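So the structure is just underneath, and the comments pick up after that.
The values are calculated or read from the model by the stated rules, or taken from the named source; none is laboratory data. As the structure is a prediction and not an experimental result, all values here were calculated from the model. Cβ sites come from the backbone with ideal geometry, for glycine too, and all protein chains shown count toward neighbours. Remember, those area values only see protein heavy atoms, side chains included, never the ligands or the DNA or RNA. Shrake-Rupley method; radii C 1.70, N 1.55, O 1.52, S 1.80 Å.
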Amino acid sequence: MSDRLPLASALPPAGKTVPPFGPTSLSYSPPPLAGGGKGEGSGAAGTEVERRHNPIELLDDPASVLAIDTPSPYPLPRGEGKDERLSREGQRERHVAFQPHDLLRVEPAVMAELARNLPDWAAASLITAPWVVVRRALPFDGLLPVGIRGSGRSERCAAWLSPGAVVERRTPEDLAAARAWQGHRRLAEIPALAALDAVATLLDGWNWGPAGSVGFEFATGQPTANSDSDLDIILRASSRLGSGEARRLLTALATLPIRADVAMETPLGACSLAEIAAGGLAVVKTPTGPRLVRDPWAEPA
């Protein structure tokens, strides 16, 4: 058993050294590595969760674990399910297919192991929604860099997950293609959700999708967005986008009643649409750290 790849871990294997939380394009500030003290990184909401129950005890209860094994409430678009829903065997061999911002549903059988070294609020969050988001960092010993989100911005932590522990994958593009916001029960109360029809029209022809709290809510069914939430958008751009076209796109998005934060995924990494529109140097987030470049499409990876 000693040479078997762990299914999930909040800490790297013994004797290994890695950065505490690799460079990331998530919409929140990188927290310390998960594990350590009780309630690490937790805010008021996390404290309330600790008073209600012991998350580790719930995770050790088979009935509780089985109760969280629920798929995404939003089906994949017709014709994409076979390619996009990776098989268990394929995930072990094709972990490189996972990209930052992908949302991954965790197999219930490994939930207790994943939560063992996490703050209580993170373990409780996984009980409510057994989903993690892929971070922008290099895999470590075959494990995926993932992030766990709680109920507030102060509740974010890092963990490592085996591709074999993933039972469902939802990309931002999946959510856009499925029009996950249409008919959503909170459409009228959350402006960022209500704006997505207009965004879909503006980005028609682009490879894009919602991320952040909005994307997480669509994938999991949990109410993570609020009335003040910005709309985080991932825009895949394998080909060069000129500053003029970027400005036109930025101007169109500025007419929306909410703030849209657009991250462009280039072959090198992620950069802000606003920086491309401004021209000149741009900061690109890569798996090994941020880089200041003149052209994200010309710089070698």
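Below are the figures for this structure:
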item: Projected label distance in nm at SER227 and ALA198, using a 7 Å step from Cα toward the beta-carbon; result: 1.8
item: Accessible area (Å², per residue) of region 183-229, counting only protein heavy atoms and a probe of 1.4 Å; result: 41
item: Normalised alpha carbon radius of gyration of region 145-298 [divisor 2.2 N^0.38 Å]; result: 1.08
item: Listed peptides 143-152, 283-292, 242-251 by packing density, highest first (mean Cβ within 10 Å); result: 143-152, 283-292, 242-251
item: Region 260-301 versus region 207-229: alpha-carbon centroid distance in Å; result: 23
item: Size descriptor, Kirkwood hydrodynamic radius, that averages inverse alpha-carbon separations across region 93-153, Å; result: 12.3
item: Förster radius 41 Å - calculated FRET efficiency between LEU292 and THR251, Cβ distance, rounded to 0.05; result: 0.95
item: FRET efficiency for SER238 and GLU189, using Cβ-Cβ distance with R0 set to 25 Å, rounded to 0.05; result: 0.10
item: Accessible area (Å², 1.4 Å probe, nearest 10) - SER239; result: 80
